[in-house]
Amino acid sequence: MAHAIEAAGLVKTYPGDVRALDGLAVTVGRGEILGLLGPNGAGKSTTVKILTTLIRPDAGAAAVAGHDVLRRPDRVRRVIGVVSQRSGADPDASGVANLVLQGRLYGLGGGDARRRAAELLARFGLEDAGSRPVKTYSGGMRRRLDVALGLVHRPQVLFLDEPTTGLDPEARASMWAEIARLAGDDALAILLTTHYLEEADRLAQRLAIVDRGRVVAEGTPDGLKGELRGDAVHVEWAEAPPEPLLREALGRLPGVREVVVDGPRLSARADDGAAAVPAVLAALDQAGVPAAAATVARPSLDDVYLRYAGRRFAHADAAQTPEAAAAGGAR
Amino acid sequence: MTALVTGTWWMTHRRLTALLRNPAVLVLTLAQPMIWLFLFGELFKKVVELPGFGTQSYIDYIVPGVVIMNAVSLNSFAGMATMDEIERGTLNRFLVTPVRRSAIANAGVVEQAISTAFQSLVIVLLGWAAGAHYPGGAAGLPALVAAAVLVGVVLAALSNTLALLVRDRNTIIGLNVMLLLPLTFLSSAFMAKGLMPPWIRHVSAANPVSWALDAARAALSADPDWGSAALHGSWLLVLTVAAVSLAIFSFRSYQRSQ
């Protein structure tokens, strides 16, 4: 059986020579959750728009559930569910009315559409709000309704484009729980785009890190972090000790590498941080420069991003020019 | 084909439900034609006494003018609703479902047609209450309403095309403000052709508002001129088909540029 999503060589340039995608390739297996992680403007939403038949790429090929996105968009539309950044639910209509109409558009009969609407409202904790106009919903409720709208016709592939952007922490946690529950459904593949490192870490089984329109790294969150080989060990002093002394003290320790000294702070990488700390502290004591504090940190996705994109994630997000950020938001 | 019909049905159903949820809009937007009908009707009452105007009662003359002008102004804002749907993400939500693009466009046409027909009938009734006569009666009035619907569909399609291509509310408002008065006054809406300066008469001959009025007045007269009604009506029909095709085409362009 074909992959849920297979895309290769996707290129998309917008007027004004904005290259949104530059040869992006991505594959999502059946029943898998793939996280497309990248800063605003990296090309995540453009990728989703191509895969959901909203726009055509300038070059490249893509298939969703075995159907060619460019040649058979009609078939693709029958098997995908899309939860885009902007809700799209009719604010003046009730939750039920929105869901029933959505079912009708996929060819469900009246009874089936109403049953399916009731089932989804119950599943997403919206039974009591079902007959109220959507404009009275909270941000979190609206987002849950959006996901319900995307699931009305039992799609094989679900696209979640920045599903928690703009939600408060509580609503975000509840949305994470919903997505994690969806992941239990073996028949459903999910492509999730996000610019939250934590969200990608928690929800995605596999990650593709996107930077400037390309996938720069791919793997499981743990695998990607594991490739960085080891934990970060940070040591601090009240006053900066002489650097050569530190290097000599730590240079002989097995399993400690990449020592970086920055004033009264030192960072190093160790295969097993917890085991390395006592040895590091003992060596420093012996050299006559006892440490004031020492911490160990597991590698984060931020470290992964730094390694593959060559900059810190937060910087990449902030480095967007206002135009590119605005354009990214619209895409 | 059945997919197109059911798609059009459900998209139309959605729009009409929204209309019924808030019917006050249809009544409130009638304020403007009321002003035209009663204020203009009173103010220019005596122009029919000018030699060559060709009618005895000005209110008889301007009811079709107000009906058609109302169709123009009501529908030229259709693009604003489309802008809302684009910005809210509703249009994209439909574009990723199997529903046909032309079904989405058709639903807009049906909704505009129904609201235009409703308002046109209200204006005809109020005109009648104010003393207007419709000698063409049973056949003439449907012809007037049909002409108003066609003009409305043309304007709505153009307004939607602007919304899809330019995606800017100010452009839609600006163009409407710019077009409404010329379309109205460079036509036979309020003044008989025989009394216009020659250049306005020439310009108005190419104005679709005049085509609609010529068709409607020919059908409404005591001795209906069906030949003229059919001729002007068919020009209008051709224009309507062209405008709706343009709107459907602009969906494709919208998809390329978003």
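Quick notes on this structure:
- About the centre of its Cα atoms, chain A shows a dipole size close to 1440 debye [charges on the beta carbon of Lys, Arg (+1) and Asp, Glu (-1) only; nearest 20 debye].
- Listed values for the stretch A:145-154 are Karplus-derived 3J(HN,Hα) couplings in whole Hz (6.51 cos²θ - 1.76 cosθ + 1.60, θ = phi - 60°), namely 5, 4, 5, 4, 4, x, 9, 3, 9, 6, and x replaces Gly and Pro.
- Helix A:95-105 vs. chain A, principal-axis angle (Cα, 0 to 90°, nearest 10): 70 degrees
- Three-way shape call for chain B based on the alpha-carbon gyration tensor, with the a/c threshold at 1.5: prolate
- Relative to the globular-protein estimate of 2.2 N^0.38 Å, the Cα radius of gyration of the stretch A:5-225 stands at 1.00.
- Our coupling estimate for the stretch B:93-107, obtained by passing each phi through the Karplus curve with A = 6.51, B = -1.76, C = 1.60 and θ = phi - 60°, is 4, 6, 5, 8, 9, x, 4, 6, 4, 5, 5, 5, 5, 4, 4 Hz, Gly and Pro reported as x.
- Listed residues A:217, A:309, A:294, most fluctuating in chain A (Gaussian network, C-alpha, under 10 Å): A:294
- Prolate/oblate/rounded label for the stretch A:109-196 (Cα gyration tensor, a/c 1.5): oblate
- Charge dipole (the stretch A:230-298, unit charges on Cβ, about Cα centre) - positive-most of A:249, A:238, A:290: A:249
- For the stretch A:84-148, the alpha-carbon coordinates run over 30, 22, 18 Å along the three principal axes, in decreasing order.
- Since only A:100, B:190, B:72 are under comparison, the one whose Cα sits farthest along the positive direction of the charge dipole of the protein assembly as shown, derived from C-beta charges on Lys, Arg, Asp and Glu, is B:190.
- Net dipole in debye of chain B [+1 Lys, Arg Cβ; -1 Asp, Glu Cβ; about Cα centre; nearest 20]: 780 debye
- In the stretch B:2-257, taking the dipole from charged Cβ atoms about the Cα centre, the farthest positive-side position among B:129, B:160, B:58 is held by B:160.
- Distant-in-sequence amide contacts of residue A:69, defined by a placed amide H-H separation under 5 Å and a gap of 5 or more residues or a different chain, comprise A:62, A:63, A:64.
- Computed [θ] at 222 nm, deg cm²/dmol, the protein assembly as shown (DSSP H ≥ 4; -39,500 (n - 2.57); rounded to nearest 500): -17500 deg cm²/dmol
- Between the stretch A:86-156 and the stretch B:59-77, the Cα center-to-center distance that results, in Å: 40 Å
- Computed lengthening from residue A:279 to residue A:248, 0.36 nm per intervening residue step minus Cα-Cα distance: 9.8 nm
- Within chain A, percent of DSSP bridges classed antiparallel, to nearest 5: 65 percent
- Selected from A:264, A:299, A:15 as most flexible by GNM, with chain A as the system and alpha-carbon contacts under 10 Å: A:15
- Working note: Debye formula, equal point scatterers on the alpha-carbon atoms of the stretch B:69-205, no solvent; log10 I(q)/I(0) at q = 0.09, 0.14, 0.15, 0.22 Å⁻¹ is -0.35, -0.77, -0.85, -1.31.
- Taking a ≥ b ≥ c as the square roots of the Cα gyration tensor eigenvalues, the stretch B:194-258 comes out oblate, since a/c reaches at least 1.5 and a/b does not exceed b/c.
- The GluC sites (Glu not before Pro) found in the stretch A:232-284 that occupy coil by DSSP, while having at most 15 further C-beta atoms within 10 Å, are A:239.
- Rounded to whole numbers, the Karplus 3J(HN,Hα) couplings from phi for the stretch A:45-58 are 5, 4, 4, 5, 5, 5, 5, 9, 6, 6, 9, 9, x, 6 Hz, using 6.51 cos²θ - 1.76 cosθ + 1.60 with θ = phi - 60°, and x at Gly and Pro.
- This model, with +1 at the C-beta of Lys and Arg and -1 at the C-beta of Asp and Glu, gives the protein assembly as shown a dipole about its Cα centre of some 1540 debye.
- The protein assembly as shown: radius of gyration over Cα atoms, expressed as a fraction of 2.2 N^0.38 Å: 1.31
- Most mobile listed residue (B:108, B:137, B:174) in chain B, GNM with C-alpha springs under 10 Å: B:174
No value in this document is a laboratory result; all are computed from the given coordinates. Remember, predicted model here, so these are calculated numbers, not experimental data. Quick reminder, even Gly has a Cβ in these numbers, built from the backbone with ideal geometry, and neighbours come from all protein chains shown.
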